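Each remark here refers to the structure printed beneath this line.
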Amino acid sequence: MVVVGILVATVVAFSISFAFYSVAPAAPATVETPPARPRAWQVIVEVLRSAVIATLVTGLLVAGAWSGPAAGALLGLALWALPVVLLTGSVVWEHVPVRDAALHTVDWLIKLLAIGAIIGAFA
């Protein structure tokens, strides 16, 4: 049953990102860098990233003997600290625009809450 949860969470996480970035305000395009559609390999990598996170959340829930959507969502919220810290570092040290980092941070919050709740329901 846990494997089904991982598969469902992977598809949902990918769908959340697709929907989120479809409606999120895009950075202004320039003549040199028009907005590009993702390439097939980028889509595959994104699905794999979602699967890795869903598997990680599953492992942590099982190791902690936690179950239920609320426990899973709480774990997702706690894990959200990791992308927040990493994205903050990218703003401070790599000069990533705050707007871009903020969008990614919100995307990660939504995805981690959903992944945690879904995995928790299956765990």
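Read-outs: derived from the displayed coordinates by stated rules, not from any lab. The structure presented is a predicted model; accordingly, all values stated were derived computationally and were not measured. Don't worry about glycine lacking a Cβ; one is built from the backbone with ideal geometry, like all the others, and counts go over all protein chains shown.
Kindly state, to the nearest 0.05, the FRET efficiency for R39 paired with A65, given R0 = 35 Å and r defined as their beta-carbon distance.
0.25
Counting other beta carbons within 10 Å of each residue's own, what order do I53, I44, I119, I16 fall into, fewest first?
Exposure proxy ranking, most exposed first: I44, I16, I53, I119.
If you wrap a convex hull around the alpha carbons of segment 67-123, what volume per residue comes out, as a whole number of Å³?
Values: hull volume 2.9 nm³, N = 57.
Residue-normalised Cα hull volume stands at 50 Å³.
What nm value, rounded to one decimal, do you get for the distance between D100 and V4 when each label is placed 7 Å out toward the C-beta?
Placing both labels 7 Å along Cα→Cβ, they lie 4.1 nm apart.
Pick out which of V11, V106, V92 has the largest mean-square fluctuation in a Gaussian network model of the chain, springs linking Cα atoms closer than 10 Å.
Fluctuation is largest for V92.
Going through the DSSP H helices of the chain, which span 27 Å or more along their own axis at the Cα atoms while scoring at least 1.0 as a mean Kyte-Doolittle hydropathy? Present the calculation step by step, with values, prior to reporting the outcome.
Numbers: long enough: 2-23 (31 Å, 2.33); 40-63 (35 Å, 1.73); 98-122 (36 Å, 1.30).
Result, helices passing both filters: 2-23, 40-63, 98-122.
State the dimensionless ratio Rg/Rh of the chain (Rg: radius of gyration of Cα atoms; Rh: Kirkwood radius).
Details: Rg = 15.6 Å, Rh = 15.3 Å.
Across the chain, the Cα-based Rg/Rh ratio is 1.02.
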